[in-house]
1. Just the residues that are open to solvent by 60 Å² or more (accessible area, probe 1.4 Å) and in contact with a Ser or Thr (Cβ under 6 Å, 6 or more places away or on another chain), please, taken from segment 31-46.
2. Can you tell me how many residues within segment 67-98 are open to solvent by 30 Å² or more (accessible area, probe 1.4 Å) and in a strand (DSSP E or B)?
3. Tally the residues that are open to solvent by 30 Å² or more (accessible area, probe 1.4 Å), over 21 Å from Ser175 (Cβ atoms), hydroxyl-bearing (Ser, Thr, Tyr) and under 20 Å from the mean Cα position of the chain (by Cα), restricting the search to segment 114-161.
4. Restricting segment 47-66 to residues that are surrounded by 14 or more Cβ atoms within 10 Å (Cβ to Cβ) and among the charged types (D, E, K, R), which is nearest to Lys23 (Cα to Cα)?
5. Mind listing whichever residues of segment 104-136 are of a type in the set (A, V, I, L, M) and outside any strand (DSSP E or B)?
6. Among the residues of segment 16-34, count how many are part of a loop (DSSP other than H, G, I, E, B), more than 23 Å from Gln93 (Cα to Cα) and at pLDDT below 90.
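The values are calculated or read from the model by the stated rules, or taken from the named source; none is laboratory data. This one's a predicted model, so the numbers in the text were calculated from it and none came from an experiment. As a convention, Cβ positions derive from the backbone with ideal geometry for all residues, glycine included, and neighbour counts pool all protein chains shown. Side chains are part of the model used for accessible areas, which takes the heavy atoms of the whole protein and leaves out ligands, DNA and RNA. Shrake-Rupley method; radii C 1.70, N 1.55, O 1.52, S 1.80 Å.
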Amino acid sequence: MPTPLRADLVNGERPYFVGPFDKLTISVFGIEELSAKEVEVDASGRLSFPLVGVIQAGGRTPDEVAELISQRLRGRYVRDPQVTVNLQETVSQMITVDGEVREPGLYPVVGRMTLMRAVARAKGLSEFAKIDDVVVFRTVAGQKYAALYDLKEVRRGAYDDPELFANDIVVVGNSSSRRLLRDLASIAPIISAPLIVALQN
């Protein structure tokens, strides 16, 4: 499956791009009034910082935002500003994990996220998960894609743990045979004769 256009891998790690409503912590070394400032990015990807004014943070990495703030401060207010920008909370770059996991929901993509890590974030597979029926949905340049994965084969190392990107949707399938077995086991005490059921893989 193709990767999103803006996401390039760097030494196995993917840079994080600031998005709307992300919360950042910005500090200027040696200046208490400009340190540990918590800033929220607005809906258009902009943020406001003292002495700097409004800057466009959306689509930039935290390091790029720090450099932009440094440029605005340099010379006029601070001789050689040392600025750090850290991600405190993200709501803009999320994946959806649904289906047969213990805690379906939205999870942030920070750093390199893979399919196995996403399942782990959702507290693992549920009792009825169909391990060879895990689908990842992705849209790239307006084109929708879907890929089917087998987690057992990923665990065995048969192929690489696929990387996930913001806005991906992961759906873990349901094993009807496991659910049937559980339902039959619940009624087994009231059946006097042995009950044998042929299960499909």
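1. Ala36, Glu38
2. 9
3. 2
4. Arg60
5. Restricting attention to segment 104-136, the residues satisfying the condition of being of a type in the set (A, V, I, L, M) are 106, 109-110, 113, 115-116, 118-120, 122, 125, 129, 131, 134-136.
Within segment 104-136, Val109, Val110, Leu115, Met116, Ala118, Val119, Ala120, Ala122 qualify.
6. Here is the first cut: in segment 16-34, the residues part of a loop (DSSP other than H, G, I, E, B) are 16-22, 29-31.
Now narrow it down to the ones that are more than 23 Å from Gln93 (Cα to Cα): 29-31.
If we keep only those that are at pLDDT below 90 too, we end up with 30-31.
Number satisfying all stated conditions: 2.
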